[in-house]
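Undergrad: I'd like to ask some things about the structure below.
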Amino acid sequence: MKALVLTGKKQLEIQNTETPEPKANEVVVNAKYAGICGTDYALYNGLPGSAPAVPPIVLGHENSGVISAVGSDVTDYKVGDRVTVDPNIYCGKCKYCRTGRPELCENLSAVGVTRNGGLEEYFTAPTQVVYKLPENVDLKSAATCEPISCAVHGMDLLSIKPYQNALVIGDGFMGLIFAQLLKSYGVKSVTLTGRHDDKLATEKEKTGADKVINTTKEKIPSEYDVVIEAVGQPATQEQAVEATVKGAQVLMFGVGAPNQKFEMNTYEVFQKQLTIQGAFINPNSFEDAIALLQSKGVDVADIIDNVISLEDVEGVLNGTSDLKGKCVVKVSD
């Protein structure tokens, strides 16, 4: 079978490898689509994702496909089932797992990070992280369940109320997901920021955002009850804190460099009684992600910008490709 193998830092190689056999509690998934996201950029450049990736490894933690084989103990899944896979596998034994915080698991393993993922024609996954897909959720859209589930986890950490005015800083793929989620969760108003008028006008229509702000032309006002920072740069993290009203909540969702810092006015945090919240991966959020796709509470059809091949992936990750926006890899027919 064809596999795109990370063989070293900034080194990807298409190899012909053996089709894996499932363990007793595993299934083999014939991968159809796999999303490319910021974690893959980090892993390609030798930085950690949810866990360190040790080459040789096959990336592809955002994925969907069809079950092609099942292990001897598997009874709830069958060959031909259309599925998506939550990449994160928790140990269930450490203090974080045993106190209801599995996302902080001390022994986390992950499909497409610590074990082979969806950037190969066939990969294995334990049934505990395999989810069947509703008929009206297509496989290309289903490959985005993982990023949607991460956004859902971020929303779960906030207290969302109908009266709130919400701001999403950043109009990348995750910013567009958050704008749709906030509308689905029923806040009064959603504002989306970006840097290009034509792009923002299209995104306003796609996400249902109430307002857009081009931050190259307009300062963000300090009027928001909920702020989602979805860029991960010091300047936008500082903007997120400054954009708040009293009692506001700030979700720092964008991933910065491991040594990155930003400045904030600590008196403002005190005086406004701000809640500043991080969000790591996606515990217990996959069912919600699938349900949101099923109900069109989140619609990704118009915000997946490119469908590419395995051969195109390295160009996207090393910046030599001119493709912009969200890329999803078509792994097999």
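The values are calculated or read from the model by the stated rules, or taken from the named source; none is laboratory data. All values reported here derive from a predicted model rather than from experimental measurement. Side chains are part of the model used for accessible areas, which takes the heavy atoms of the whole protein and leaves out ligands, DNA and RNA. Shrake-Rupley method; radii C 1.70, N 1.55, O 1.52, S 1.80 Å.
Undergrad: For the chain, what is the calculated [θ] at 222 nm in deg cm²/dmol (nearest 500), taking -39500 (n - 2.57) for each run of four or more DSSP H residues and dividing by its residue count?
TA: One gets -6500 deg cm²/dmol as the mean residue ellipticity at 222 nm.
Undergrad: What percent antiparallel are the DSSP beta bridges of region 73-220, to the nearest 5?
TA: So the antiparallel bridges in region 73-220 amount to around 35 percent.
Undergrad: Moving to a separate point now. Under 15 Å Cα to Cα from Lys10, which aspartates and glutamates show up? Leave out anything in the same chain fewer than 8 places away.
TA: Output for Lys10: Asp40, Glu311, Asp312, Glu314.
Undergrad: Rule-of-thumb check for region 4-134: C-alpha Rg over 2.2 N^0.38 Å?
TA: 1.04
Undergrad: How large is the accessible surface per residue of region 211-333, computed with a 1.4 Å probe and reported in Å² as a whole number?
TA: Per-residue value: 52 Å².
Undergrad: Would you work out what percent of the accessible area of the chain, with all protein chains in place, is carbon or sulfur (probe 1.4 Å)?
TA: The computed percentage sits at 47.
Undergrad: Going from most exposed to least, what order do Arg98, Arg195, Arg82 have by accessible area with a 1.4 Å probe?
TA: Heavy-atom accessible area, descending, gives Arg98, Arg195, Arg82.
Undergrad: Then there's this: If eta is 1.002 mPa s and T is 20 °C, what Stokes-Einstein diffusion coefficient results for region 83-225, Kirkwood Rh from Cα pairs, in µm²/s?
TA: Stokes-Einstein gives a translational diffusion coefficient of 122 µm²/s.
Undergrad: Say we join alpha carbon atoms closer than 10 Å with springs in a Gaussian network model of the chain; which of Tyr224, Tyr185, Tyr44 then has the biggest fluctuation?
TA: Tyr185
Undergrad: Most fluctuating residue of Asp40, Asp312, Asp322 in a GNM of the chain with Cα springs under 10 Å: which is it?
TA: Asp322
Undergrad: Right, here's the next one. When only Cα pairs under 8 Å and 6 or more residues apart are kept, what is the percent relative contact order across the chain?
TA: Value for the chain: 18 percent.
Undergrad: Would you mind getting the accessible area per residue of region 1-44, heavy atoms of the protein chains only, 1.4 Å probe, in Å²?
TA: Here the residues of region 1-44 average 46 Å² of exposed surface.
Undergrad: Next question, about the same structure. Which three semi-axes in whole Å describe the equivalent ellipsoid of region 204-257, each the square root of 5 times a Cα gyration tensor eigenvalue, listed largest first?
TA: Largest first, region 204-257 gives 17, 15, 12 Å.
Undergrad: When we measure straight from the Cα of Lys246, which lysines land under 16 angstrom away, once same-chain ones fewer than 8 places off are left out?
TA: Hits, sequence-local ones excluded: Lys161, Lys272.
Undergrad: Here is a further query. Take the eigenvalues of the Cα gyration tensor for region 172-297, scale each by 5, and report the square roots as semi-axes in whole Å, largest first.
TA: Working from the Cα gyration tensor, I get semi-axes of 23, 19, 15 Å.
Undergrad: Taking Rh as the Kirkwood radius, which is the inverse of the mean 1/r over Cα pairs, what is the Rg/Rh value for region 285-333?
TA: 1.09
Undergrad: Solvent-accessible area per residue for region 71-176 at a 1.4 Å probe radius, Å²?
TA: 40
Undergrad: Just for the chain, what percent of DSSP beta bridges are antiparallel, to the closest 5?
TA: 55
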